[in-house]
Structure formats: C-alpha cells, structure tokens
1. Can you tell which of G68, Y214, H270 lies farthest toward the positive end of the dipole of the chain, using +1 and -1 charges on the Cβ of basic and acidic side chains (Lys, Arg; Asp, Glu)?
2. Taking the Cα centre of the stretch 258-366 as origin, work out the dipole magnitude from +1 charges on Lys and Arg Cβ and -1 charges on Asp and Glu Cβ, in debye rounded to 20.
3. To the nearest 20 debye, what charge dipole does the chain have about its Cα centre, counting +1 at the Cβ of each Lys and Arg and -1 at the Cβ of each Asp and Glu?
4. Pulled fully out, how much extra length does the chain show between L289 and T268, if you take 0.36 nm times their separation in residues and subtract their Cα-Cα distance?
5. To the nearest 500 deg cm²/dmol, what mean residue ellipticity at 222 nm is calculated for the chain from DSSP H runs of n ≥ 4 alone, each contributing -39,500 (n - 2.57), summed and divided by the residues?
6. If you take the square roots of the eigenvalues of the alpha-carbon gyration tensor of the stretch 193-275 and sort them as a ≥ b ≥ c, do you get rounded (a/c under 1.5), prolate (a/b over b/c) or oblate?
7. Give the angle, between 0 and 90 degrees and rounded to the nearest 10, that separates the Cα long axis of helix 102-116 from the longest principal axis of the Cα atoms of the chain.
8. Placing one identical point scatterer on every Cα of the stretch 284-397 and ignoring solvent, what is log10 I(q)/I(0) from the Debye formula at q = 0.09, 0.23 Å⁻¹?
Amino acid sequence: MRSCPVVDRLACEAMDQEDPLRAFRAEFVLPDKEIYLVGNSLGAPPRTAAERVRQAVEDEWGRHLVGGWNEAGWYAQPLTTGDRLAPLIGAGPGEVVAGNTTSIAVYQAVSAALRLRPGRRVVVVDRRNFPTDNYVIEGLAELRDVSEGRFEDAAAVLLSEVDYRTGARYDVPGMTARVQAAGALMIWDVCHSVGALRVDVSAADLAVGCTYKYLNGGPGAPAFLWVSPRHQTAAENVLSGWYSHAEPFAFEPGYRAADGIRRFTVSTPHVLSFAALEAALDMWDRVDLEQVRAKSMALTSLFIDLVGDRLELASPREAERRGSQVSFYHPDGYPVMRALIDRGVHGDFRAPDILRFGFAPLYTRFTDVWDATQIIAEVLEKELWRDEKYAVRLAVT
Ligand SMILES: *Cc1c(COP(=O)(O)O)cnc(C)c1O
C-alpha cells in the first residue's frame with residue numbers, strides 16, 4: 001500500500017515561508033529550473049566566491065606579487081582557515097590545519113596514529129567507508145572491518161560519521177569511547193557531516209574532512225586535519241614538508257618539527273582555492289547549526305514520506321540516525337538517475353544500485369522536495385528510464 005502524502009505543494013510553500021534559513025538561498029548561484037540535490041558531493045557556489053577569487057588574483061597577487069605571502073596573509077592560510085573551520089567540528093583554535101586533500105589528511109592521521117601506538121599494526125575500518133580512505137590505509141597497515149568488533153590490538157579506528165552511500169550516521173561519542181577503552185585511537189572522517197549537522201569530534205583523537213561538500217568551498221577546495229591537543233606534542237607528521245619545520249625560513253639542511261598544529265601543515269597552500277573557501281566561511285560564520293540540523297531532518301523526512309514505497313529506502317528511517325541525504329536501492333539505478341537529471345532533478349548514482357539525494361539546508365527548499373518527488377513518481381510510473389539513451393555510462397557518475 002502506498003503511504004498517503006502528508007502535505008501538498010501549498011503546505012511546502014508555507015514551510016519555506018517559515019524556514020529561518022530561507023534567506024540563505026539567495027546567497028548562492030543556482031540554476032533557475034533545476035533541482036540541485038547533490039550538495040553533499042559538490043556544494044553550490046556562494047555568490048561572493050567569484051568576487052573573492054577575483055580579489056585574490058587582482059588585488060593580492062596583482063598588487064603585492066610575492067609580497068602576498070606576508071601582506072595578504074597567504075602564508076598563514078592553513079592555520080587561519082583551520083581556526084575558522086574548528087567551530088564547525090567542535091574543535092578549538094590551534095587544533096585544525098587546512099590544505100591538501102582528504103586522502104592526504106587520512107594518510108597523515110593514520111601514520112601519526114601508527115607511530116603513537118608502536119607495536120600495533122592493525123587499523124580498523126568500515127568496509128563501506130568512502131573507498132579512498134581504505135585505499136590509503138591499505139598502503140600503511142593491516143585492515144580489519146569494524147563489524148568484527150575487535151579493537152584491542154588496533155592502532156586506530158577510522159570511520160565516517162555519515163556513510164556516503166546510505167547516509168547512516170555513527171554514534172560518535174559511543175564509538176569513540178569504545179575504541180579508546182581498547183587503547184586504540186579514534187579517527188573520524190567528517191566529509192559527509194560537516195556543514196550538515198553539529199559535528200563534535202572533541203573527544204576523539206584525530207579527524208579529517210573536506211570543504212567542497214556541504215561547506216560550499218568549491219571544486220578542489222582545501223581539506224582539513226584535526227589533531228587533539230592531547231596528541232600535539234607526541235604526534236608526528238610523516239609528510240614533513242617545509243611548512244611544518246620549526247623555522248621554515250631558516251632553510252636548515254635537517255628537519256625539526258614545529259610545535260603545535262603547524263607541525264601538520266605540509267607545504268605551499270593553494271591560495272586561490274583558499275580564497276573561494278573563505279567566501280563560504282564568511283557565510284558559515286552567520287549560520288546556526290541547530291537550524292541547519294532541524295531543517296535537514298525535516299527535508300529528508302518529508303522526502304522519504306513523499307517517495308513512499310515507490311523505492312526501497314537504503315537510509316535509516318529515523319532522522320536522528322541519518323546525515324542530510326536520502327538513498328534508495330534500485331537495480332537500474334544508473335538509467336533511473338539519468339532520466340531524473342534529464343528532467344531537472346539532480347541526484348547521483350553510486351554503484352552498484354544506489355540512488356542518492358543530498359539536501360543542503362542552506363539552499364534546498366521544501367518546494368524542491370515536493371517538485372522532485374513528483375518527477376521521481378512520473379519517471380518510475382511511466383518507466384521513462386527505460387529509454388536506451390540513459391544506459392550509456394558517463395565517466396563521472
Ligand atoms: C568526499 C570524501 C572524500 C574525498 O577525498 P578527496 O581526497 O578529497 O578526494 C574522502 N572521504 C570521504 C568520507 C568523503 O566523503
């Protein structure tokens with residue numbers, strides 16, 4: 001039996017009117033007629049991003065040239081931007097470095113954990129982790145799946161707070177306590193939770209994340225690494241590039257690690273990418289994360305209700321147990337998603353059979369949820385996805 005829709009489009013319009021975050025949508029560049037439900041993969045651009053990048057090129061690079069490293073604060077970017085990201089993950093100043101990519105941060109975090117737990121060679125992961133995390137760890141340690149529940153000989157456990165495929169959310173405090181009680185270090189990957197809910201890694205040991213998903217930092221935006229203050233003197237950075245040296249401009253022949261979080265920087269920051277991220281963070285400074293979480297739970301719950309039993313739900317039904325995405329199983333997920341995109345509903349497909357829809361609370365409306373579900377219903381009922389043009393795979397799904 002099909003579950004009865006609890007609302008209509010008018011009710012969704014009313015919800016948009018009452019949404020305390022509604023004004024943020026106008027601060028993004030978004031296509032008029034399309035419904036963008038991929039903000040969990042690449043966030044939409046803040047309107048100020050282009051101007052901030054122009055400023056970095058013309059006013060900073062163009063005016064100061066090499067002097068920009070001092071005059072425009074480029075040299076300090078990994079730390080100043082790290083401090084701005086810290087409140088979004090429950091961390092304090094001097095605990096986060098920004099730069100590089102998530103995969104590089106995973107490499108640094110896991111290597112540091114292995115050195116902090118000499119004699120332990122196992123790193124526990126979830127086999128369903130985003131593959132890059134596990135691929136990187138495969139090069140460093142012996143892997144074991146978290147489902148075995150054995151941590152006593154593990155150097156570290158690395159998990160994603162929110163599963164990229166299903167949106168299922170781990171119990172962060174509970175898992176952190178279990179792992180630490182076994183003497184292992186807890187490393188959280190918050191790529192799919194930062195900017196979607198109130199992340200708090202403060203009880204853990206290390207954390208990594210990216211800024212181009214819910215945080216809207218732009219394609220290729222800098223990632224970040226958090227190191228608990230408890231470990232900052234003992235933890236080592238295996239990517240001991242010159243930025244992490246105690247005195248980078250002494251150009252000494254040998255390496256001496258810097259104190260504090262600067263030890264985890266690597267080398268020259270991607271200044272123009274940082275500029276775009278700074279524009280996004282100017283917006284995040286004004287965002288109430290409780291409102292973000294409340295709206296995210298309302299959007300995703302409404303979407304699940306309106307899709308009803310047309311598709312098999314892959315995400316947890318209980319809002320508390322999910323991030324800000326909803327996934328469904330469909331054996332022909334790829335052509336179904338192509339047919340939806342053709343009709344202006346942008347989600348994505350994750351092999352082998354997942355249809356994924358992300359709900360970025362700063363710019364997704366309740367009316368978008370309504371409109372998207374009408375199109376989903378039509379594509380499924382009329383089997384519009386069976387058109388053979390949707391069968392050919394594109395390089396990026
Ligand atoms: C998006 C994502 C990544 C991406 O890694 P990059 O090195 O930035 O390409 C890694 N891990 C998780 C959990 C992700 O969601």
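1. Of the options given, the answer is H270.
2. Numbers: 14 positive and 15 negative charges, 15 e Å.
Value, rounded to 20: 80 debye.
3. Working: 43 positive and 54 negative charges, 112 e Å.
Charge dipole, the chain, about its Cα centre: 540 debye, nearest 20.
4. Values: separation 21, 0.36 × 21 = 7.56 nm, distance 3.16 nm.
Between L289 and T268, full extension yields an extra 4.4 nm.
5. Details: 11 runs with 123 residues, N = 397.
Calculated mean residue ellipticity at 222 nm is -9500 deg cm²/dmol.
6. Details: a/c = 3.55, a/b = 1.41, b/c = 2.51.
In terms of gyration-tensor shape, oblate.
7. Taking Cα atoms only, the helix is inclined about 50 degrees.
8. The Cα Debye sum returns log10 ratios of -0.24, -1.33.
The values are calculated or read from the model by the stated rules, or taken from the named source; none is laboratory data. This structure is a prediction, so every number in the text was calculated from the model and none was measured. Note that each Cβ is placed from the backbone with ideal geometry, even for glycine, and that neighbours are counted across all protein chains shown. What goes into the accessible areas is simple: the full protein's heavy atoms, side chains included, and nothing from ligands, DNA or RNA. Shrake-Rupley method; radii C 1.70, N 1.55, O 1.52, S 1.80 Å.
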